[in-house]
Amino acid sequence: MDRTEELKKMAGIHAAGYVKNGMKVGLGTGSTVKYTILELGRRIREDGLKISCVPTSISTEELSIEQGISLHELASLEGLDLVIDGADEFDENLTLIKGGGGALVREKIIAQASDKMIIVADDSKKVSKLGKFPLPVEVIIFSWKETRRKISEITNIDLSRINRRMNHETDEPMITDNGNYILDLSLEEIDEPLKLESELIQLAGVLDCGLFCGIANTVVLANPEGIEIIEKRA
Ligand code: 5RP
């Protein structure tokens, strides 16, 4: 296992410690939270942990079923105690870029339904300014080109820096779990994430974007020295 993978595993397993018997838990998507899901599966089998979970993607649903985790419809639980999820970038305000795995819409819905959002990350995800990671925006297929043109106007970036995400196995555009496209915006620097988020989501063809502002409470960050817990500033 390489160094980054070990850090992901450390963060993922540590974060599983926030989950207590009887909790309603949102399960995020990605290669870091995968370790949280594996650890929860182990505790269910070995320690008799009882939890009710909602997955944020079809891939997480499949992994959770393999692990014997009890899954529910979001509508049947009336809110969640916490969600544990990964991030592509986070800054000192715990504003996030998410959606590298294409699950940003369900991830934001589940995060907003949860009392607490815990992010699991290795040290490559911590940034002083958001934007190096291309910002994912989920758009309706019907109007994707027009939406891309509008996004170019809003953000002042050239169309060539707004890329429709491809599925590299099929060489076709990637389709999200919700049946839409993802546009990845190479912005380089995001000065006002909240303003950008609200401008993007006002466009009719945009379902949501990967900016999570004021949602995350805690980051479980793994670096070579160990685990660091970063809490949102009051
Ligand atoms: C999926 C996400 C992931 O949480 C994010 O891409 C981080 O993934 P990983 O832990 O694999 O780096 O937002 O939509």
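Things to note:
- Residue, nearest to the ligand (Cβ to nearest atom), within region 67-89, restricted to residues that are part of a loop (DSSP other than H, G, I, E, B) and under 25 Å from LYS129 (Cβ atoms): GLY86
- Selection count where residues are open to solvent by 10 Å² or more (accessible area, probe 1.4 Å) and within 9 Å of the ligand (Cβ to nearest atom), scope region 90-101: 2
- Residue tally, condition near the ligand (Cβ under 10 Å from one of its atoms) and either within 15 Å of GLU231 (Cα to Cα) or aliphatic (A, V, I, L, M) (or both), over region 108-129: 3
- Restricting attention to region 43-59, the residues that are surrounded by fewer than 15 Cβ atoms within 10 Å (Cβ to Cβ) and part of a helix (DSSP H, G or I) total 4.
- Boolean, LEU38 is touching a helix residue (DSSP H, G or I) at 6+ places or on another chain (Cβ under 7 Å), at negative phi and either open to solvent by 30 Å² or more (accessible area, probe 1.4 Å) or assigned to a helix (DSSP H, G or I) (or both): no
- Residue count for region 1-26, restricted to those that are within 15 Å of the ligand (Cβ to nearest atom) and more than 19 Å from ALA222 (Cβ to Cβ): 1
- Enumeration of residues in region 188-207 that are under 17 Å from GLU89 (Cβ atoms) and touching a strand residue (DSSP E or B) at 6+ places or on another chain (Cβ under 6 Å): PRO193, GLU197, LEU200
- Enumeration of residues in region 1-35 that are in a helix (DSSP H, G or I), open to solvent by less than 40 Å² (accessible area, probe 1.4 Å) and under 17 Å from GLY100 (Cβ atoms): LEU7, LYS8, ALA11, GLY12, VAL33, TYR35
- Among the candidates GLY79, GLY68, GLY30, GLY17, the residue that is within 19 Å of LEU104 (Cβ to Cβ) and out of contact with any Ser or Thr (no Cβ under 7 Å at 6 or more places or on another chain) is uniquely GLY30.
The values are calculated or read from the model by the stated rules, or taken from the named source; none is laboratory data. Note that the structure is a prediction, hence the values are computed from the model and not measured. Positions of Cβ are generated from backbone atoms using ideal geometry, with glycine treated the same way; all protein chains shown enter the neighbour counts. Side chains are part of the model used for accessible areas, which takes the heavy atoms of the whole protein and leaves out ligands, DNA and RNA. Shrake-Rupley method; radii C 1.70, N 1.55, O 1.52, S 1.80 Å.
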